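The values are calculated or read from the model by the stated rules, or taken from the named source; none is laboratory data. Just so it is clear, the structure is predicted and the values come from calculations on it, not from any experiment. Quick reminder, even Gly has a Cβ in these numbers, built from the backbone with ideal geometry, and neighbours come from all protein chains shown. The area values use the complete protein model at the heavy-atom level, side chains included, leaving out ligands, DNA and RNA. Shrake-Rupley method; radii C 1.70, N 1.55, O 1.52, S 1.80 Å.
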Amino acid sequence: MSRRSRAFFLVALLLAACSPAADSTAGSLERRSDGQPASSVEGLSATVVQYTRDRPQRRVQVKVTNGSDQPIDLEILDPGLAGYDDAVPPDQRSHLEPGRRVDFPVNLEEPSCDATPAPTSQLTLRVSTTAGTIRQHVPIDDASLLSDLHTLDCAIRRVEANVDIALGDDWRQVRSGAHAAVIGEVSLRLRPGGSSATVSALDAGLLLSVRSGDPSDGDGAADVTVDEEYPQQTWQVELIGTRCDGHAIAESRRLIALTFLTSVPGADDVPIRRSPDVDAYETMVAALLERCAAREGGTDI
């Protein structure tokens, strides 16, 4: 072959390598019995669940199962969760052998409350095998979980549009040893345009119990209302440690939060969660550990 012929041959090879047909994303995953390319991998399915640890982060787990007879690689391009148009696809690529499944954590972000959600949810996946890569839509079976979450989230948004609930900046430890506790303030403030709102209960989670006002007031039951006459209410809260097991304390950053059961006229109570800032959190944990140390020394918590 002459030098000129070899040059033309090399140019032809380069052009073929750069053509769309060489792009792996254009390859089909398999061929049907009639010889035509398949447009999807048969046997993929998806469900969605929410574990307890996911709730504070407003996250769900999308479980994808590979029911096909071939290994695949997966990536979520669009979660397609009904009622959550802004749900963020995870930065995760997973390999799945036949019969296996994998969890993809998906952040819900804000719910879409101004329109009726789509009746179904549908993932958009990038699916790859040795034969090529395609985009594939997979319906999600959520057993009404997303509908329930959307209803609750929109109810919470309606309450928070009427009232602001805040933890005070100054949380301090009082007493020591087995009697160590933390005291701080919480406030309820009517927003412009709001009519009224009521906090009917206050909870501090698994590690702490709460008392409202003076410790002699009892078990922390709250019943505080703001309206046009009294647009803001502030009250003192005392928190004391109630659990000392290592597993719970290791999860303290997630578990320590105050939940206000709050309602506005014409709507059911909804839980409004507020987490302490870093300084308040460290004060609460220090008092809890002090009480636990006293318990280990023979003093009942």
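Annotations
- Solvent exposure of region 41-151 as accessible area per residue, Å², 1.4 Å probe: 52
- Segments 281-289, 162-170 sorted - mean Cβ within 10 Å per residue, highest first: 281-289, 162-170
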